[in-house]
Amino acid sequence: VQLQASGGGLVQAGGSLRLSCIASGSIFTINVMGWYRRAPGKQRELVASITNSGSTNYADSVKGRFTVSRDNAKTTVYLQMNRLKPEDTAVYYCHARTFRLSDYWGQGTLVTVSS
């Protein structure tokens, strides 16, 4: 499985961005896709995830502001980020987990929120 993320950038606080991640390769083996982030000086944390059945999971810090979704072909996962805050500044990583619990990561995309 290969993951290609895009959509990061610089935005002012209160603004919006949408991240996209396209999966290729053995996509039929993927069960869950989502996003993690690593802020400067902090550990990587789960932001949001979505299963093949559409069940979602969000970090408390982004609930109500971020929305994770997948396309019908389940090859692309999106992260719509609204009402961004400076503390959302981080490198965001696309993630996929297969049914056999193997983890795959995208290259990371930087999101910078200015105050």
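What to note about this one:
- Once the gyration tensor of the Cα atoms in the chain is diagonalised, the equivalent ellipsoid follows with semi-axes of 23, 14, 12 Å, ordered largest first.
- When the Gaussian network model of the chain links Cα atoms closer than 10 Å, the mean-square fluctuations of G41, G54, G64 top out at G41.
- Amide H contacts under 5 Å for G108, placed H, 5+ residues apart: A5, C94
- The chain, relative contact order [Cα under 8 Å, separation at least 6], %: 37
- Taking each residue as 0.36 nm, the span from T75 to I22 lengthens on full extension beyond its C-alpha to C-alpha distance by 18.5 nm.
- For the chain, the fraction of 1.4 Å probe accessible surface lying on carbon and sulfur atoms is 48 percent.
- Karplus-derived 3J(HN,Hα) values for the stretch 51-59, using 6.51 cos²θ - 1.76 cosθ + 1.60 with θ = phi - 60°, are 8, 4, 7, x, 6, 10, 9, 10, 5 Hz; glycine and proline are entered as x.
- Expressed as a whole percent, the proportion of Cα-Cα pairs in the stretch 60-104 lying more than 12 Å apart is 72%.
- Counted charge near S114, where neighbours are those whose Cβ lies closer than 13 Å (Asp, Glu -1; Lys, Arg +1): -1
- Stretching S61 away from R83 to a fully extended chain increases their span by 6.7 nm, per 0.36 nm per residue minus the current alpha-carbon distance.
- Other residues within the sphere of radius under 11 Å centred on the Cβ of R38, judged by their own Cβ, net out at +2 (K and R +1, D and E -1).
- Formal net charge of residues neighbouring V91 (Cβ-Cβ distance under 12 Å; K, R +1; D, E -1): +2
The values are calculated or read from the model by the stated rules, or taken from the named source; none is laboratory data. Fair warning: this is a prediction, and the values are worked out from it, not measured in the lab. Backbone-built Cβ (ideal geometry, glycine too); neighbour counts: all protein chains shown. Please note that ligands, DNA and RNA were not included when accessible areas were found on the heavy atoms of the full protein model with its side chains. Shrake-Rupley method; radii C 1.70, N 1.55, O 1.52, S 1.80 Å.
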